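A quick write-up on the structure given underneath.
The values are calculated or read from the model by the stated rules, or taken from the named source; none is laboratory data. Keep in mind it's a predicted model, so treat the numbers as computed, not measured. For neighbour counting, all protein chains shown are included, and Cβ atoms are generated from backbone atoms with ideal geometry for every residue, glycine included. These accessible areas exclude ligands, DNA and RNA; they are computed on the full protein's heavy atoms, side chains included. Shrake-Rupley method; radii C 1.70, N 1.55, O 1.52, S 1.80 Å.
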Amino acid sequence: MAKQEDQFKKVLSHAKEYGYVFQSSEIYDGLSAVYDYAQNGVELKKNIREYWWKAMVQMHENIVGIDASILMHPTTWKASGHVDAFNDPLIDNKDSKKRYRADVLVEDFREKINEKIQKDITKAKKRFGDAFNEEEFRATNQNVLRRQKQIDEITVELTRVQEESDLAGFKQLIEDLGINCPVSGSKNWTEVKQFNLMFGTQIGASAESSTQVYLRPETAQGIFVNFLNVQKTGRMKIPFGIAQTGKAFRNEIVARQFIFRMREFEQMEMQFFVKPGTQKQWYDSWKETRLKWHLSLGMGAENYRFHDHDKLAHYADAAADIEFNFPFGFKELEGIHSRTDFDLKAHEEYSGKKLQYFDHEENKSYVPYVVETSIGLDRMFLAVFSKALQEEALDNGTSRTVLKLPAVLAPYKAAIFPLVKKDGLPEVAKQIVADLKWDFNVFYDEKDAVGKRYRRQDAAGTPFCITVDHDSLEDQSVTIRHRDTMEQKRVAIADLKDIIKAEVDVKTWLQKMEA
Ligand code: ATP
C-alpha cells in the first residue's frame with residue numbers, strides 16, 4: 001500500500017514538474033477536483049482523443065461523429081432520469097467533518113476482506129508450489145469460506161439498500177460492519193442523504209424569465225436527441241454508431257484522486273444503434289473491441305480486467321467496466337453498457353416526437369436498442385501517464401526517471417539538439433526542426449550538457465533525441481537516441497523522417513488491434 005501511495009505521489013509531482021497537469025487556479029489555492037492541462041498535458045490528451053477517434057470513427061464506415069453542446073433543453077435530463085435519479089448517497093463523519101460516499105465506504109470495506117483472501121491465496125501458493133489448486137483452496141479453506149460468505153452478504157445488502165433507496169438501511173449497514181472514518185477513526189456518522197450530482201445554472205437575463213438548465217453530466221444524451229437527425233442526413237443504416245468527445249460535469253461528493261475523479265472532465269462516448277434482440281451480440285463484440293484498443297497501447301494485459309455489474313442502472317440490461325490497475329489499485333476506466341431502448345423511448349415520451357428507424361429489410365419501424373462504450377479521457381490520461389512513469393536502474397549504478405509513454409501518444413516525437421551552441425551546429429539542428437515539424441511535433445533544446453538534455457527528454461516522455469555534432473557538417477548524419485533502449489545510432493539526416501514515422505505512426509499502433 002505504502003509503495004502504491006508513493007508511486008501516486010510521484011505521479012502527481014511529475015505531472016506538475018514536467019508540464020502535464022496543473023491544479024486549476026493554483027494561485028488562489030486551487031479549486032477542488034478541477035485541473036488544467038499544461039503544455040505537454042494538452043498534447044498527450046489530444047493524442048489520446050485522436051487515437052480513440054481514429055479507432056472508433058475513421059476505422060468504422062458505420063460510425064460518425066458529432067459535437068453536441070454542453071447546455072441542453074432541461075427536459076432532456078428529466079427524460080434521461082438524471083433529475084430524479086442521478087444521486088449518490090453521502091454520509092458525514094461528525095468528528096472529522098469529512099464527507100464520504102456511503103456506497104464507496106462499504107465497497108472499500110468489502111475490498112479489504114477480498115485483499116485478505118488474496119493474501120491467504122498468495123501464501124498458500126508459495127507453500128504448495130505447483131501442487132496448489134486455487135479453486136479447491138477457495139472451496140475448502142475455512143478462513144476463505146468465512147470471508148467469502150461475509151463478502152457475499154455485504155453485496156446482497158448493499159444491492160438491496162441501493163435498489164430500494166433505503167437510506168436508513170444504508171446507515172445500518174455501515175454501523176453493522178463497524179466501518180470507521182479513515183480520518184478521525186470514529187463511528188460517529190450522520191444519516192445517509194441522497195445528493196444530486198448535476199450542476200445547475202440559469203439561462204436568461206432576469207430572474208422571472210430565466211430557466212433552470214444543467215451542465216451535462218454525460219455526453220450520451222446529446223447523441224440520443226440527435227439520433228434521427230444523424231440517421232436521416234447521414235443516411236445511416238442500422239447497425240450504426242454516433243461518437244462524441246466532450247466535457248461533462250458532475251458535482252462529485254468525494255474528489256480526492258487527482259484527475260481520476262474530477263468535477264469537470266471529458267468523456268469519449270459512442271452509442272451504437274442496433275436491431276432489438278441483437279444487443280447481446282453487439283455488447284459482447286464491443287467489449288472485445290474496446291479491450292483490444294487498450295491492449296494495442298502495450299501497457300500490459302495484466303493491468304486490465306473486466307468487472308461485470310451485479311447492480312444494473314435503471315436503463316441497462318447488461319453492463320461491464322474495463323478496470324485498470326491505477327496506482328491506487330484496479331478501478332473503472334471505461335464502461336460498456338447495453339442501454340436497451342430506454343433513452344430513445346424516454347425522449348419519445350417527453351418530446352412527443354417519434355425517434356424510430358424504418359428497417360427496409362424487415363419492412364417495419366422500431367426504436368433501436370443501444371450499446372454504448374464510455375471512457376473518461378482524463379482517466380485514460382492518468383492510466384497512461386501513471387503506467388509510463390518508471391524509475392529505472394542503470395548499469396553504471398545510477399538510475400533515471402523515464403516516462404515510457406506509448407510513442408504514438410507522446411507530446412513531442414523528437415527533441416533536436418546541437419552538441420554545442422556554436423560552429424554552425426544550431427543552424428543545422430534548426431533546419432532539421434524546420435523539416436520535421438511538418439510531420440511531427442518536435443522540440444529544440446540547446447541548453448546544458450547533452451547528457452542532461454537526454455535525461456530531461458526521458459522524463460518528459462520524448463521517444464527520440466537527435467544530436468547534431470561537428471561530423472554532421474561533413475557527413476550529413478546525426479546521432480539518434482532511443483528513449484526506452486537508450487541505444488544510439490548514427491543515421492543520415494535524410495532518413496530521420498522515416499525512422500521516427502516507423503515508431504510513432506498511428507497506423508502501426510492501431511493495426512495491433514487486428515493481431
Ligand atoms: P464512477 O463509478 O467511477 O463514479 P461512473 O460509473 O459513474 O464512474 P459513467 O457514468 O459510466 O461513470 O461514465 C463513463 C466514464 O466516464 C467512466 O468510466 C470514467 O472513465 C469517466 N468518468 C465518470 N465520472 C468521472 C469523473 N468524475 N472524473 C473523471 N472521469 C469520470
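In whole Hz, what ³J(HN,Hα) sequence does the stretch 35-40 give by Karplus (6.51, -1.76, 1.60; θ = phi - 60°), x for Gly and Pro?
Once rounded to whole Hz, the list reads 9, 10, 8, 8, 4, 7.
As a test of reading the structure, rank His294, His360, His60 by solvent-accessible area (1.4 Å probe, protein chains only), most first.
His360, His60, His294
Remind me, relative contact order of the stretch 412-514 in percent, using alpha carbon pairs under 8 angstrom and six or more residues apart? Provide the component values of the computation, followed by the final result.
Numbers: 150 pairs, mean separation 27.7, N = 103.
Taking the mean separation of contacting Cα pairs over the length of the stretch 412-514, I get 27 percent.
For n ≥ 4 DSSP H runs only, could you compute -39500 (n - 2.57) per run for the chain, divide by its residues and tell me the 222 nm figure to the nearest 500? If you can, show how the numbers build up before the last one.
Values: 18 runs with 200 residues, N = 515.
So the calculated ellipticity at 222 nm is -12000 deg cm²/dmol.
Got the relative contact order for the chain handy, in percent, Cα pairs under 8 Å and 6 or more residues apart? Display every interim value, and only then the final one.
Values: 845 pairs, mean separation 71.1, N = 515.
Relative contact order for the chain comes out at 14 percent.
Can you give the relative contact order of the stretch 97-167 as a percent, counting alpha carbon pairs under 8 Å and 6+ residues apart? Let's see the in-between values first.
Working: 23 pairs, mean separation 26.2, N = 71.
So the answer I get is 37 percent.
Can you classify the stretch 395-515 as rounded, prolate or oblate using the Cα gyration tensor, where a ≥ b ≥ c are the square roots of its eigenvalues, rounded means a/c under 1.5, and otherwise it's prolate if a/b beats b/c and oblate if not? Please list the in-between numbers first.
Working: a/c = 1.94, a/b = 1.28, b/c = 1.51.
Oblate, because a/c is 1.5 or more while a/b does not exceed b/c.
Could you give the length gained on full extension between Tyr350 and Arg127, defined as 0.36 nm per residue of separation minus the Cα-Cα distance, in nm? Mind showing how you got there, number by number?
Working: separation 223, 0.36 × 223 = 80.28 nm, distance 6.25 nm.
Gain on stretching Tyr350 to Arg127: 74.0 nm.
Mind checking which aspartates and glutamates have their C-alpha under 18 Å from Lys123, skipping anything on the same chain fewer than 8 residues away?
Glu115, Glu134, Glu135, Glu136
If one computes P(r) from the Cα atoms of the stretch 87-193, what percent of pairs lie at distances over 25 Å?
Working: 1935 of 5671 pairs.
I get 34 percent for the Cα pairs in the stretch 87-193 exceeding 25 Å.
Which far-off residues, 5 or more places away or on another chain, put their amide H under 5 Å from the one on Asp359, with H placed in the peptide plane?
It is Lys364, Ser365, Tyr366, by chain and number.
In what sequence, highest mean first, do 332-339, 440-447 appear when ranked by Cβ atoms within 10 angstrom? Intermediate results must be reported in sequence, preceding the final value.
On the way: 332-339: 22.2, 440-447: 16.8.
Peptide ranking by packing, descending: 332-339, 440-447.
Round to the nearest 10 and report in Å² the accessible area of Lys112, as given by a 1.4 Å probe over the protein chains' heavy atoms.
Accessible area of Lys112: about 130 Å².
In what sequence, largest accessible area first, do Ile466, Ile70 appear using a 1.4 Å probe?
Working: Ile466 0, Ile70 55 Å².
If we order Ile466, Ile70 from most to least accessible, we get Ile70, Ile466.
Tell me, what HN-Hα J-couplings in whole Hz come from the Karplus equation 6.51 cos²θ - 1.76 cosθ + 1.60 at θ = phi - 60° for each residue of the stretch 438-453, using x for Gly and Pro?
Those phi angles translate into 5, 10, 9, 7, 10, 10, 10, 9, 10, 8, 6, 5, 4, x, 5, 5 Hz.
Using alpha carbon coordinates only, what is the Rg to Rh ratio of the chain, with Rh defined as the Kirkwood radius?
Numbers: Rg = 26.3 Å, Rh = 26.1 Å.
Computed over Cα atoms, the ratio is 1.01.
Step through the table entries Lys9/Lys116; Lys3/Lys112; Lys112/Lys387; Lys421/Lys489; Lys45/Lys247, compare each Cα-Cα distance with 19 Å, and write down the pairs that go over it. Intermediate values should be presented prior to the final figure.
Working: Lys9/Lys116 25 Å; Lys3/Lys112 17 Å; Lys112/Lys387 24 Å; Lys421/Lys489 22 Å; Lys45/Lys247 13 Å.
Over 19 Å apart, Cα to Cα: Lys9/Lys116; Lys112/Lys387; Lys421/Lys489.
Kindly rank 181-193, 312-324 from highest to lowest mean number of other beta carbons found within 10 Å of each residue. Before the final figure, lay out the partial values.
Working: 181-193: 14.8, 312-324: 17.4.
Packing order, densest peptide first, comes out as 312-324, 181-193.
Within a Cβ distance under 14 Å of His482, other residues only, what is the Lys/Arg minus Asp/Glu net charge?
+2
In whole Hz and in residue order, list the ³J(HN,Hα) couplings for the stretch 219-230 that follow from phi through the Karplus curve 6.51 cos²θ - 1.76 cosθ + 1.60, θ = phi - 60°; x for Gly and Pro.
These are the phi-based 3J(HN,Hα) values: 7, 3, 5, x, 6, 4, 6, 9, 3, 6, 4, 5 Hz.
Under 1.5 on a/c is rounded, so check that first for the stretch 152-244, then, if it is not, pick prolate when a/b is larger than b/c and oblate when it is not; a ≥ b ≥ c are the square roots of the alpha carbon gyration tensor eigenvalues.
In terms of gyration-tensor shape, oblate.
Which lysines have a Cα lying under 17 Å from the Cα of Lys287, excluding residues fewer than 8 positions away in the same chain?
List returned: Lys331, Lys512.
Quick one: if the Förster radius is 41 Å, what FRET efficiency do Gln7 and Asp308 give, using the C-beta to C-beta distance and rounding to 0.05?
Numbers: r = 28 Å, r/R0 = 0.69.
My answer for the efficiency is 0.90.
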